[in-house]
Amino acid sequence: MRIHSTAVFSALSLVLLSNTLSPYRAFAQPNSVELPTQILRTGINLEDKNLSPNGRQVAEILKITPLLQRIQALRSKVNPAETEPTNENILLSVQLTANVIDAMQVIQEASLSIDYSLAEITAEENIYTELLSSYTGDRDKATLKTNAASFITNGILWAVAEAYDIPTNRHPNYSVTSGTMGILAGIVPSIASIYALYQLRGKRRTSEKDPNMLSKMFDYPTTPDVDYPRMVWEFMNSVPADDPKGKSRRDQLIDRWIADKNISNFTDRSSAKQLDVITASVPRRHGLSIDTLNARQALLQQLAAEILKMKRMLLELSMVVHGEKTI
């Protein structure tokens, strides 16, 4: 009788669990790509003496293509092996040196622009990591307490139920009382288990209004702290050279985020509800949660990685300046 009752209440618990989780399944629909790969390959071969198409594109963004061409032309005219330098050779060498300095200053500014963006992204990641650690710790403690209460209650109730089954001289057994306690031993832990599953999502608070580096990616208002330097922003909004898709780096990156199954709570680039929370631009009730913080971290990390790839092209431009590649 006790086994039958436990089975019935276990089945009832599964039904209740299904009803409890159904709204969350509807909200966090899985995306299509389970194992995403890199996008926006730079196509650079350091052994190739010619500047890559993406390298030429970055040179255009930096507006140093004429300068690189002039350096290349001057270097072909300068004779470094000349034992007695002529006035013309000295003049060409001075011009070459001046142009090299100008080009390297532009490349250095571009490199610092990248670092400027990455510094803010890293600072935001640190804040979200701290919050995520706090939220995760509180969730784990709450779940542990619920599970401990479930196990303890289950053990006590079954012990009492079995105790009532022990016959005595005056009362052969207390089957009704024992059965009742057995039913409770099945119900209480089942309810506690459902509640523990509910606790797995962690605490949820109203999201903050503090725009992050994702804001401009989705055309949300920004502050000076989360704005991008011109060179970096033009790079992200440019279409990669020889790319058949015809989409900008920014659009391709957002498409990748949407397709990534591992970022389950970002599924629509036009959803104000999702973007308000991800960009931390508009307060949303229950918007700040473990899922939100995980999504922000994943998006910021991938954004930083794509911005950092710009430095691969800067290395190519530096190689052109020093005569290791040609434009």
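Given the criteria within 30 Å of residue 59 (Cβ to Cβ) and either at pLDDT below 70 or not in a loop (DSSP other than H, G, I, E, B) (or both), does residue 250 qualify? Answer is yes for this residue.
State all residues of region 205-229 that are among the hydroxyl-bearing types (Ser, Thr, Tyr) and either closer than 15 Å to residue 271 by Cα or surrounded by fewer than 19 Cβ atoms within 10 Å (Cβ to Cβ) (or both); if no residue qualifies, say none. Residues satisfying the conditions are 206, 215, 220, 222, 223. One residue stands out among those in region 216-231 that are of a type outside the set (S, T, N, Q) and not in a helix (DSSP H, G or I): the one that is nearest to residue 109 (Cα to Cα), which is 229.
When residue 266 is tested against (1) in contact with a Leu (Cβ under 6 Å, 6 or more places away or on another chain); (2) buried (at least 18 other Cβ atoms within 10 Å of the Cβ); (3) at pLDDT below 90, exactly one condition is not met: (1). Output the residue which, of all residues in region 90-116 that are without any contact (Cβ under 8 Å) to a residue 40 or more places away in the chain and not aliphatic (A, V, I, L, M), is surrounded by the most Cβ atoms within 10 Å (Cβ to Cβ). Of everything passing the filter in region 90-116, 99 is surrounded by the most Cβ atoms within 10 Å (Cβ to Cβ).
Reported count of residues in region 117-153, each being under 21 Å from residue 231 (Cα atoms), surrounded by fewer than 17 Cβ atoms within 10 Å (Cβ to Cβ) and in contact (Cβ under 8 Å) with a residue 40 or more places away in the chain, is 1.
Here residue 214 clears all of (1) farther than 18 Å from residue 114 by Cα; (2) at pLDDT 65 or above; (3) touching a helix residue (DSSP H, G or I) at 6+ places or on another chain (Cβ under 7 Å) except the condition numbered (1).
Does residue 311 qualify as being closer than 30 Å to residue 105 by Cβ, without any contact (Cβ under 8 Å) to a residue 24 or more places away in the chain and in contact with a helix residue (DSSP H, G or I) (Cβ under 8 Å, 6 or more places away or on another chain)? For residue 311, the condition - closer than 30 Å to residue 105 by Cβ, without any contact (Cβ under 8 Å) to a residue 24 or more places away in the chain and in contact with a helix residue (DSSP H, G or I) (Cβ under 8 Å, 6 or more places away or on another chain) - is not met. For region 268-279, filtering for residues that are in a loop (DSSP other than H, G, I, E, B) and closer than 22 Å to residue 208 by Cβ leaves 4.
Under the condition of being of a type outside the set (A, V, I, L, M, F, W, C), surrounded by 10 or more Cβ atoms within 10 Å (Cβ to Cβ) and modelled with pLDDT under 85, which residue from region 35-66 is farthest from residue 230 (Cα to Cα)? Among those that are of a type outside the set (A, V, I, L, M, F, W, C), surrounded by 10 or more Cβ atoms within 10 Å (Cβ to Cβ) and modelled with pLDDT under 85, it is 36. Enumerate the pairs (first residue in region 227-251 and over 10 Å from residue 310 (Cβ atoms); second residue anywhere and in a loop (DSSP other than H, G, I, E, B) and of a type in the set (Asp, Glu)) with beta-carbon separation below 9 Å, excluding pairs fewer than 6 apart on the same chain, so at least 6 apart or on different chains. Filtered contacts from region 227-251: 233/227. Evaluation of residue 24 against the conditions (1) modelled with pLDDT of 85 or more; (2) closer than 30 Å to residue 289 by Cβ shows that the sole unmet condition is (1).
Tell me, yes or no, whether region 110-129 has at least one residue that is within 31 Å of the chain's Cα centre (by Cα) and more than 26 Å from residue 235 (Cβ to Cβ). So far as region 110-129 goes, yes, one or more of its residues are within 31 Å of the chain's Cα centre (by Cα) and more than 26 Å from residue 235 (Cβ to Cβ).
Residues that are buried (at least 20 other Cβ atoms within 10 Å of the Cβ) and among the aliphatic types (A, V, I, L, M) within region 275-289 comprise 275, 277, 278, 280, 288, listed in sequence order.
The values are calculated or read from the model by the stated rules, or taken from the named source; none is laboratory data. Just so we're clear, the structure is a prediction, and the values are computed from it rather than from any experiment. Cβ atoms come from the backbone with ideal geometry, glycine included; neighbour counts cover every protein chain shown.
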